[in-house]
Amino acid sequence: VYVFSAGNSYEIGQDVNYEGHKKSRFTISVGALGLDLKHASYSSSGAPVFTSAPGGDTDHGMFAAQPLALGAVDNCADAGMGTSYAAPLVSGVAALVLEANPNLTWRDVQGVLAATARTDFNDEDDETGQWTTNQAGVKHSYKYGFGLVDAYEAVMTAKTWSNWGSEITLVRSTASNEVIEDCCGNWVESESIEFGSHEFVIESVSVYVTIEHPRRGDLRIELERDGVSSLLTDDKLERGTRYTHHKYTTLRHWGERADQGAFTLRIADMREGSGDDDDLGQDTSFYYYDD
């Protein structure tokens, strides 16, 4: 069971989909909450965020035992803040879950944490908290993942959890030789062939894209099915003329059946005049796999 901190770069627009192992389906990416149980100002967000836990914020960090200062009566002090404090809490909960049921696989541990995470821990509305509810009734947030980790509920659920079957991967690919216009939000879309297996329940969806474009940092990429949208990347201030088999991950279809509709991938250039005039209007192509 691999647990990673989501990262501390929210304020500069960093997305977990650019964070290497943190966007892997094999890992649990953990965001941080402050003292008020709201999104910590630094906690990186994104469609791969799995869960969240307290990590401190600018007003109050995490309190911990520190070396006893001369003349001090105790050694409890503010130890700092970060998703690096939130991730070990989730690791501890995972250990408790496995102690309660040692027969769980890594996927079952993820299933227990997703099923028991709290979504009632603050009063942020859907727009601010970026929550969405999918066809299976599962809520997910770019900031909080499936919600705030709940140790007690996770342990109680683990005791009676029935192990999931073997992992299955379904793959679809598609290509579009359309032009991605320079600015502003003119979408190029491609739709996958609908999956036919009603017995297949989605845990994660991975999207691999190959795109030629004057500046990839101008592109916004979204995946959508039946009104549930995943922002895979927003436009960013970076250069580079391509994505080559670049992987994105989303958890926002967790629990849905594979045969509940086709996926639509959307790409648009969001900033004007970012490339050389001679490079604009070239043919572009992209493809993706779902697993």
Any pair with Cβ under 8 angstrom, 6 or more apart, that starts in segment 78-107 at a residue that is in contact (Cβ under 8 Å) with a residue 40 or more places away in the chain and ends at one that is surrounded by fewer than 17 Cβ atoms within 10 Å (Cβ to Cβ) and β-branched (Val, Ile, Thr): MET81/THR58
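Do the conditions hold for SER52, that is, is it at pLDDT 90 or above, in contact with a Gly (Cβ under 8 Å, 6 or more places away or on another chain) and in a loop (DSSP other than H, G, I, E, B)? Explain how you work it out, then say what you get.
Working: at pLDDT 90 or above: yes; in contact with a Gly (Cβ under 8 Å, 6 or more places away or on another chain): yes; in a loop (DSSP other than H, G, I, E, B): no.
Considered against the rule, which asks whether it is at pLDDT 90 or above, in contact with a Gly (Cβ under 8 Å, 6 or more places away or on another chain) and in a loop (DSSP other than H, G, I, E, B), SER52 comes out as no.
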Residue that is open to solvent by 20 Å² or more (accessible area, probe 1.4 Å), within 13 Å of the chain's Cα centre (by Cα) and polar (S, T, N, Q), where the choices are SER229, SER206: SER229
Among (1) part of a loop (DSSP other than H, G, I, E, B); (2) surrounded by fewer than 17 Cβ atoms within 10 Å (Cβ to Cβ), the one test that HIS21 misses: (1)
Set SER84, SER41: member being in a loop (DSSP other than H, G, I, E, B) and either at pLDDT 95 or above or open to solvent by 30 Å² or more (accessible area, probe 1.4 Å) (or both): SER41
Checking ASP218 against (1) in contact (Cβ under 8 Å) with a residue 60 or more places away in the chain; (2) buried (at least 19 other Cβ atoms within 10 Å of the Cβ), the condition it does not meet: (1)
Residue within segment 255-268 that is polar (S, T, N, Q), surrounded by fewer than 19 Cβ atoms within 10 Å (Cβ to Cβ) and either in contact with an Asp or Glu (Cβ under 8 Å, 6 or more places away or on another chain) or not in a strand (DSSP E or B) (or both) present: yes
Given (1) open to solvent by 30 Å² or more (accessible area, probe 1.4 Å); (2) among the small types (Gly, Ala, Ser); (3) under 17 Å from SER41 (Cβ atoms), index of the condition ALA115 fails: (3)
Answer residue from segment 1-30, given it is touching a Lys or Arg at 6+ places or on another chain (Cβ under 6 Å) and not β-branched (Val, Ile, Thr) and is farthest from ALA117 (Cα to Cα) among those: ASN17
Verdict on THR169 being open to solvent by 60 Å² or more (accessible area, probe 1.4 Å) and in contact (Cβ under 8 Å) with a residue 12 or more places away in the chain: yes
Pairs where the first residue, in segment 1-17, is open to solvent by 40 Å² or more (accessible area, probe 1.4 Å) and the second is among the charged types (D, E, K, R) and at pLDDT below 90, C-beta under 9 Å, 6+ apart: PHE4/GLU19; GLY13/ASP234; GLY13/LYS236
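The values are calculated or read from the model by the stated rules, or taken from the named source; none is laboratory data. Nothing here was measured: the structure is a model prediction, and the numbers come from that model. With ideal geometry, Cβ positions are generated from the backbone for all residues, glycine too; neighbour counts draw on all protein chains shown. For accessibility, only protein heavy atoms count, side chains too; no ligands or nucleic acids. Shrake-Rupley method; radii C 1.70, N 1.55, O 1.52, S 1.80 Å.
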